Every structure is written in C-alpha cells, then in structure tokens.
Amino acid sequence: MTTETAALPQARTPLERKRTAWRRTRSIAKHALLAATGAVMVYPLLWLLVSSFKPNSDIFRDLSIFTTDLTAANYANGWNDLQYPFGVFLFNSSVIALGAIVGNLVSCSLAAYAFARLRFRGRNLLFAIMLGSIMLPFQVLMVPQFIIFKELNWLNSFLPLIVPKFLATEAFFVFLMVQFIRSLPKELFEAARIDGAGHFRSYTQITLPLITPALATTAIFTFIWTWSDFFGPLVYLRVPESWPVSVALKGYLDAQSSSDYGSMFAMSVVSLLPMFLVFVFGQRFLIKGVATTGIK
C-alpha cells in the first residue's frame, strides 16, 4: 500500500496550477502575436502574387487576396510587352550579379586575409579607414565615380557595376571575413609556415576552405543587393537592352498614358523568384556565417 501510494503523482497545489495556467496563457498569447505579425508582413507579398493574376480593372478595386476572377494573361503579356522580352533583363541581372559575386569573393577574401594575418605598417589605420567607408552613402560617391567611368567610356556597360567589386570596395564583407579568419586557430598557420607554405598557399589551402560560411554569406548578400539594386543601373545603363530587371520593371509604368500594373506585378513575381530560392537554399549558410563571426 505504501509503494502504490508513493507511485501515484502528487497533487499540485493551487499556486502551482495557477502558475502553469499563466505560462500556458502567456505562450498562447505570444504565439498569437507572432502569427498576427507574420500575417501583416506576408500580406503585401500575397497581395502582389494574387494581383499578378487579376485583370487590371480589378487590381485596385478589390484589395482582398481572396478572389475567383483570376487570369494568367498578365504573365504572357508582361513577358513580351516591353521592347525586349523579359528574359533579356533576367539575363542582364544574372550577369551583373554573377560578376559582383565573383568580385566580392575574390577581392574581399584577399583583403580580409591581409588584415587578419599579415603584419604591415599602417594596418590598423587602413582597417579603421575601411570601416569608416561603410558610413559613406552611395550618393556621396556617385558623382566622382560617374566622372571616372565616363572618362573610361564605361557607360552603358556592366563594367561600372562589376569592376569595383574586384577592388574590395565592400567594407562590410571584408570586416565579416576578417572576424572569421581571426577566429581560426593560429596553430594552423604556424604549422603551414613550418612546412614551408607561403601566404598564398595558406590563403588558398587553409583559409578559403575554413571560411566557407563567410564566403556563402557574402555570396548571398551580394546576390540579393545586386539583384534588387535600382539606383546604380539607372545611373550607368541608359540603353534598354542593358537594363536589369529592377530598371526594366519601371517600363510598365507610364505617367502620360495608362500603366499596365498587372504585367508589372506578374514580372515582379518572376524577378522575386531567384532571390526567394537563393534565400531558402542558402539560409543555413547565412545563419552560420553571421553567427560564427561575432556579428550580432
């Protein structure tokens, strides 16, 4: 009898039951608030997706995402409505993004290795100046850069948007990789030096394989920022055949005549798909790269 009594769960006191009910209520309220906040944030994207299937006359007349009058004509019309097929603008954006990614990965990793592992005069001063350049907005540098690229006859080409990436102009990515390289054990580089490896071999065979999360983070951020950049291509690319998708989308709007919002929304959805896929498949690298570099 004593053993059976000991095996039975002890009855909770009224205070414990009250605390349990309060924790459950607080958890339900927290999840409800998060769900409501998520719905508010996702609604514009859902509205954009639904509106891309609506006729132009119904887009702004009914702002609801629940509708039965849907059509896929906006995608067919939007693909061919502009002077060139929309695939041309997708190709242009892909070329610019790929060039920017390669440039940032090569130049920023080299600069980061130099700041993290090399000892040279003025290193700390140059590193501080590089970090200070993060605070400079693009508008401050636009005029001198435009004059330089004009003198080089680079206007109406992808060069002004790609070549600077090969010069380690993205200080944020350099700082990201510096933090990652500094977290690597120094014994690895000392052992490599004892084995006769120089800096280039230490960079290619030791540093690069170990900073893969930082490289992946740089590639993802570069793709997203370059793909969605509007101001840079608008300044340097004047001819329609060289426009990326960010600039081409404004071609569906006309201040003097009617605008084709349905086609614009449809091609906006198409242009968002690459960024969505890159973020979904690269999310784990993005989280790991930011979390392991000490950037909070």
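The values are calculated or read from the model by the stated rules, or taken from the named source; none is laboratory data. Quantities reported herein were computed from a predicted structural model and do not represent experimental measurements. Cβ placement follows ideal geometry from the backbone for every residue including glycine, while neighbour counts extend to all protein chains displayed.
Some notes on this structure:
- Selection status of residue 96, part of a helix (DSSP H, G or I), assigned by TED's automatic domain parsing to the domain that holds residue 162 and either in contact with a Pro (Cβ under 7 Å, 6 or more places away or on another chain) or more than 28 Å from residue 265 (Cα to Cα) (or both): yes
- Selection of helices (runs of 4 or more DSSP H) fully inside the stretch 170-281 by the criterion of at least 3 residues being aromatic (Phe, Trp, Tyr) and surrounded by 17 or more Cβ atoms within 10 Å (Cβ to Cβ) returns 171-182, 212-228.
- Every test in (1) within 22 Å of residue 99 (Cα to Cα); (2) hydrophobic (A, V, I, L, M, F, W, C); (3) under 20 Å from the mean Cα position of the chain (by Cα) is passed by residue 180 save one, and that test is (1).
- If you go through the stretch 109-123 and pick out every residue that is without any contact (Cβ under 8 Å) to a residue 60 or more places away in the chain and of a type outside the set (Gly, Ala, Ser), you end up with 4.
- For residue 67, the requirement of being surrounded by 12 or more Cβ atoms within 10 Å (Cβ to Cβ), without any contact (Cβ under 8 Å) to a residue 40 or more places away in the chain, not assigned by TED's automatic domain parsing to the domain that holds residue 262 and not aliphatic (A, V, I, L, M) is met.
- Selection from the stretch 116-130 of residues that are part of a helix (DSSP H, G or I), more than 15 Å from residue 168 (Cα to Cα) and not aliphatic (A, V, I, L, M): 117, 123, 124
Residue-wise test of (1) loosely packed, with under 12 Cβ neighbours inside 10 Å; (2) more than 13 Å from residue 236 (Cα to Cα); (3) in contact (Cβ under 8 Å) with a residue 24 or more places away in the chain; (4) not acidic (Asp, Glu).
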residue	(1), (2), (3), (4)
128	yes, yes, no, yes
133	no, yes, yes, yes
138	yes, yes, yes, yes
143	yes, no, no, yes
146	no, no, yes, yes
152	no, no, no, yes
158	no, no, yes, yes
161	no, no, yes, yes
168	no, yes, yes, yes
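- Criterion: part of a loop (DSSP other than H, G, I, E, B), hydroxyl-bearing (Ser, Thr, Tyr) and at negative phi - qualifying residue of 109, 133, 157: 157
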